[in-house]
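Here the structure is laid out as structure tokens; the discussion comes afterwards.
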Amino acid sequence: MNMINQNSPSPALNMIGIGKSFPGVRALHNVDFNLRSGEIHALMGENGAGKSTLIKVLTGVYAMDEGTVLIDNAPVVIKSPKDAHKQGISTVYQEVNLCPNLSVAENLFLGREPRSLGLIDWRKMNMQSADLLRELNISASPTAQLDSCSIAIQQMIAIARAVNTKCRFLILDEPTSSLDSDEVKRIFALMRQLKETGVGIIFITHFLEQVYEVCDRITVLRNGERVGEYDICNLSRLELVTKMMGKEIETLSELRSEKEKVKPEDEIPFVEANGLSSGPSKVAPFDLKMYKGEIVGFAGLLGSGRSELVRSIYGADKAVRGQLLIKGKSTRINNPLNAMKHSMAYLPEDRKEDGILSELSVRENIIIALQAKRGLLRRISRAEAEKYADEYIKLLSIKTANIETPIKSLSGGNQQKVILARWLLTNPEFMILDEPTRGIDVGTKTEIQKLILTLASEGKSIAFISSEMDEMIRTCSRMVVMRDRQKVGELGEENLDHSTIIRTIAGGEKSNE
Amino acid sequence: MNIKLPFTKNALPPVTRKRISNTGILLIITVTLFFTLYIASTILFKSSNFAKYSVFFNLLNNKAHILLLALGLTVVLITGSIDISVGSVTGLVSMVIATMLTQKGFDAIWTIPVSLAIGIAFGVVQGFLVAYMEIQPFIVTLSGLFFARGMISVINPVSVPITDKTFMSWSGAKVYIPFLFNERKNGTLDIAYLTPAAIVAILVLILLIIAMKKTKFGRALYAVGGNPQSALLMGVNVRRTKFQAHVLCGLLAGIGGFLFTLFAPSGNPGNGVGYEIDAISSSVIGGVMLSGGVGLPVGTLFGVLINSLIERVVPLLGITEASWPRIITSAFLFVFIVLQSIFIGAGNKKGVSAILMQKIKARISAFPKRFKRIFQRKKTYPDK
Amino acid sequence: MNKINRGTEFPGTTHKSIPRKIFGHKLAIPLLVLMAVVVQNIITTPNFFDISITNGLLSGYIPNILDEAAELIIITLGMTLVIAVSGGVDLSVGPTMAIAASFCGLLLNGSEYRTDVFQNPYILAIFIGLLGGALCGAFNGIMVSYLKIQPMIATLILFTAGRSIAKQITHGQTIYIMNPVYKWLGVQIPGVPVRTTIIVSMVFVLLVVLLIKLTSLGLFVQSVGINNSAARLVGLNSRVVKFMVFVICGVLAGAAGLVGSSSVGSVNSGELGMSIEMDAILAVALGGNSLSGGKFSIAGSVIGAYTIQAITTTLYAMNVRADQLNVFKAVIIVVIIVASSEIFKERIKKLFIRLKQLLPKIRSTLGNIAQKMLRRRGVQ
């Protein structure tokens, strides 16, 4: 197979000049991408880079606005997932898309079961499945029920199903994100085996280690454009991370001067975690100290465990091991209400799913946390609630018609401000802000950044997560770096610059340069 | 390149540790429960002849119509939907048949297509609303229940007896089973028999077993119930499958209504009240998961037999009030629903549910091997 | 990503037309339906608004409707909360009524099945009856909130077993409570010209409204119903909220049972609150509340309940039998739910868009045909 590849370097799948726009957003602009048979090609990029749009264009979920797709140098039209399937393009997603209640064999053959006399021939199906599983070295029994298999095996079965149809191009969309390292190795073995048979694989993952372990080439996207295409041996991790994150040049001298004032004051940390963990599939045990008046950034790629870390402090994910001290006292936090009683606040990453109560009014969304803290009987009176709502709408300059407007009809930035108001109203000492500026217009972004600095100067301790490096460098006094679900380092103020952070995120750098 | 190796028995892939599937456990519990109850009744109530063949077969004869309804529910429950209109449809069919025969003078043969048509009509409308309009199946079929119940009294608000000779001859027919008889004390033979209704029910059961196991439609039902999104991605037409399931359930309810009228030949406004509950509890006790995707028609048969047995045994305990069998059946339903919720909770790996689940599994795995072999399919592959 | 939020739209800044304002109000639909029923009644029965006093009681169409709706109103209050918090319904309200009434009857009658002497204080019996209702609610609540069983399935158990259990409580028979005091609750307190049922139902509406106004229950119920995970993250215990709502629903059903049995002076568990769950669900839907949970309006539900009772009374007046009514109700509920379903709205929207697109085409083809015909005539 390798021989053939070297003889014919022309790619089997070629996407040229792909463009795709959604109302108000240009998701892809003039993106080229190519895939050879028998290679594993990593598609990398941060949130909003356009990876998933590109994949959806390729699999026919979205129709592209411009560009062409060539297979074996012949242009093809892919208008629906069925078309993609006909061209030999199969996809395996992060969540196993199989039926847990059916047997392994059925999951492999559902929809194209071998039949005799019009009825499904189970013997034949089980035998063919056994053959297929053995061929791909998947250790599962064809008659076992799928949910009795481990997630890794299920993922491998999903791959086997995809391959079993005449598949030439396989897209693996984060298949490894919920697996442990042994399981990942087994998936990799399978991927290598498929590569040997000439299948071209597009591999999407957030784990850098995995990219370097298994891939041949990398294409990096950023902000809907292709940054470049590289052979794996020619691109160091550091370069990769730099290319993924890019550089935003903004002048923020004004913020810098404010930041200087922010310094830890207390000796006793507000929050101290010793070996805290919410389970191996979420975040590995970590130590952490956070002081009053301090903004600590949590840097890392998407899926690196930064959200899981803060969730374990807040009790949103229950900690299974380790110790948590609040103001020096050992505390157990079992649920968010516990955390709130200890003056914590948590602005979740996913505003729509975990944040807003869409049909309720701005007023109700603002007071809900305080009301929950007070309990059922001590109701915040209407007048009081209106006073609070008006106060915070003014303070954060929330743009809403009135306080009775349902929050769902506000813009993203204003929704985020309402949720900030909700937490500020509880007067927290420790705030967790997970991506508070995502999907928000530039003006609001700066406002929120300023607000964060002000809050810290008032003596609140703030955990700040953002995908935008510059934003964090500007605001944070310290930064915790996460990689592959582990805390891998802490950077003091003196080290807060792009190259150091990116180097730490990339990590594991031997001597590629 | 990968070369296909000739298949040899020695080269079997290493098999992951076999675990009993949920279907397996639920079925084992049900079958064990039925035989335990039956054997216990045989010992406890010697005078009521539970050891006789005829008594055993009467369990089915008396509940053939419920079996039909329960099979219909098995189908819709497996797709993750529900149909609670079946009892009222049964009542409607019986009233329509009685009115046709007694007041309109139709020929008995016409009652068959009309019964089926009524069932299918309900199935089609409800299926459309559930599958294509995506309305909660419970609300849709609750409306169906009230609609059918109301239609009964629109058609005829009073009791209508059936006197048609042809129909009564169908109703009274018995098919004796050769070699299965016991001698009565006075020397006559008590031969076990099946009613035509029971035979129809058994035929439908067999057809359904084959359809569920061996046709694309049957497997699509399970796939849709297991995970609709996955099923969609795997090329199953989820909406159509749900629609078909409801139509099939309606059809079976129509047949069930016909069989019920054979069993109790009169049209009565109260006919079929609460049968949907009997049908649901039979399915659930028979191992059908309310969350969808799990269950077997055979299990439903045992669910019906358990219900039938309870109804027969309770009076023997000296409890004469008619309400007790209902309470006991509901208690069984409760236990099984809670058991199922434990099964679902076990997926989370932690917490009480999972520990309970592990214990249950451990218990069942600890059965003597011989006992186990009866219930578990052999999982070996024949040589090529 | 910044481009996502283009213009910000402020609701309310765009001026709505007056009809849209009227029809946009959440209570518009229930009120319109109620008005339609009333108008229909005015046309068919000229004495609709007549109120007279017979036997020291207000009587006439309207007091009748208010009286007959009492049980439904009380049940609907609980059902509204259950639907809001869980997106499912409590099917067991009817049997719960029977159980509560049976407890009450048992305490009053002792072992007699027909007596005119109270064996225990009436107040105690009422309390025990309500407690019975609360127990039923707690049973449902535990299954829904702690065992995470769908509400409809969980309440199915009491739905099937409830009436049988009630029968067992009264030793399998209908019991008659002949003491005239028993009818105070369901018919009339001597000297009061208004039926007690009307007063009791008003009192319960008031109680529930006060519960919502004075505590934060309403806010909590809506939050849990709208977004469970967000509610958890702001510190709400959704299990406790759900459990509480089911208990409240049980108590209310119990109260309705006591009223119902008192108004007929007997406890008949086979009849009490028969198929009232259907009416209650219908009332909640008619009141403009979403059956998938979230925001709710007690006022809407109450109007919905009166509407249903008005329809029922009207149809009775038209000689429709009680059991035939179900046909109408079933059709109405399906129509309401279909009309408010997202898919239906989308289809209608698409249909309109397509019609709009087709309009010029149709016009031009019609024009062409007309021209052709004209030409032909011209040729001829």
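Coordinate-derived values only; no laboratory data. A quick note: this is a predicted structure, and the numbers were derived from the prediction, not measured. Cβ: placed from backbone, ideal geometry, glycine included. Neighbour counts: every protein chain shown.
A dipole drawn for chain C from +1 and -1 charges on Cβ atoms has a positive end, and of C:Ile348, C:Thr365, C:Val192 the residue lying farthest that way is C:Thr365.
As a size descriptor, the averaged projected area of the C-alpha convex hull of the range C:55-340 was calculated at 15.0 nm². Rounded to the nearest 20, the Cβ-based charge dipole of the protein assembly as shown about its Cα centre (Lys and Arg +1, Asp and Glu -1) stands at 2680 debye. Note that the protein assembly as shown carries a Kirkwood radius of 34.8 Å, evaluated over its alpha carbons pair by pair. Each of A:Gln323, C:Tyr182, B:Thr102 was placed along the dipole of the protein assembly as shown (beta-carbon charges, centred on the mean Cα), and the one lying farthest toward the positive end is B:Thr102. Structure note, pairs A:Lys318/C:Lys295; A:Lys318/C:Lys345; A:Lys373/A:Lys450; A:Lys185/A:Lys243: Cα-Cα distances above 32 angstrom occur for A:Lys318/C:Lys345. Here the label points at A:Leu376 and A:Lys166, each 7 Å from Cα along the C-beta direction, are separated by 6.5 nm in the simple model. Comparing C:Asn55, C:Asn47, C:Asn140 in a Gaussian network model of chain C, where Cα atoms under 10 Å apart are tied by springs, the biggest mean-square fluctuation is seen for C:Asn55. Using the average count of surrounding beta-carbon atoms within 10 Å as a protection proxy, the listed peptides C:208-219, B:41-52, C:358-369 rank, highest first, as C:208-219, B:41-52, C:358-369.
Taken along the Cα-to-beta-carbon direction at a fixed 7 Å, the label points for A:Thr454 and C:Arg376 span 7.9 nm. Restricting attention to the range B:127-283, lysine pairs at least eight places apart or on different chains and with alpha-carbon atoms under 22 angstrom apart total 4. Exposure proxy for A:His85, C:His171: other Cβ atoms within 10 Å of each Cβ, ordered fewest to most, give C:His171, A:His85.
The stretch between B:Met133 and B:Thr188 holds 13.8 nm of extra length on full extension. This uses 0.36 nm per residue minus the Cα-Cα distance.
Rounded to the nearest 20 debye, the dipole magnitude of the range C:241-380 is 1860 debye, with +1 charges on Lys and Arg beta carbons, -1 on Asp and Glu beta carbons, and the Cα centre as origin. Each other residue within a Cβ distance under 14 Å of A:Gln486 adds +1 if Lys or Arg and -1 if Asp or Glu, for a net charge of -1. The helix-based estimate of mean residue ellipticity at 222 nm for the protein assembly as shown, built from -39,500 (n - 2.57) per DSSP H run of four or more residues and divided by its residue count, is -17000 deg cm²/dmol to the nearest 500.
For C:Ser275, the shell of other residues with beta-carbons less than 15 Å away shows a net charge of -4, using +1 for Lys and Arg and -1 for Asp and Glu. According to the calculation over all Cα-Cα pairs in the range A:108-160, the P(r) per 10 Å bin from zero is 25, 54, 19, 2 %. The calculated FRET efficiency for the pair C:Val181 and B:Ala117, based on their C-beta separation and a Förster distance of 56 Å, comes to about 0.50.
Which whole number gives the average count of other chain Cβ atoms within 10 Å of the Cβ atoms across peptide A:137-149?
Shielding by partners across A:137-149 averages 5.
Of A:Asp32, B:Asp83, the sequence from fewest to most neighbouring Cβ atoms within 10 angstrom is A:Asp32, B:Asp83. For C:Lys345 and A:Ser80, the FRET efficiency from 1/(1 + (r/R0)^6), where r spans their Cβ atoms and R0 equals 25 Å, is about 0.45.
How large is Rg/Rh for chain A, to two decimals, with Cα atoms and a Kirkwood Rh? Looking at chain A, the ratio lands at 1.01.
Candidates A:Ile465, A:Ile448, A:Ser477 compared by Cα position along the dipole of the range A:432-487: farthest toward the positive end lies A:Ser477, with charges placed on Cβ. Among C:176-183, C:102-109, B:187-194, sorting by the average number of other beta carbon atoms lying within 10 angstrom of each residue, highest first, gives C:102-109, C:176-183, B:187-194. Tally Lys/Arg at +1 and Asp/Glu at -1 over every other residue whose Cβ is under 11 Å from the Cβ of B:Gly272; what's the total? Overall, the nearby charge balance is -1. Among the residues of C:148-154, the average count of other protein chain beta-carbon atoms within 10 Å of the residue beta-carbon is 6. Placing +1 on each Lys and Arg Cβ and -1 on each Asp and Glu Cβ, with no other charges, gives chain A a dipole about its Cα centre of roughly 1140 debye. Here A:Lys408, A:Lys243 are placed in order of increasing Cβ neighbour count within 10 Å, fewest first, which gives A:Lys408, A:Lys243. Average 1/r across all pairs of distinct alpha carbons in the range A:359-426, invert it, and you get the Kirkwood radius: 11.7 Å. With a 10 Å cut-off around each Cβ of A:98-111, the average count of Cβ atoms from other chains is 6. With a Förster radius of 51 Å applied to the C-beta separation of B:Val273 and A:Ser116, the computed FRET efficiency comes to 0.65. Pairs of Cα atoms nearer than 8 Å and 6+ residues apart set the relative contact order; for the range B:50-320 it is 40 percent.
Estimated translational diffusion coefficient (Stokes-Einstein, Kirkwood radius over Cα pairs, 37 °C, 0.692 mPa s) of the range A:2-245: 175 µm² per second.
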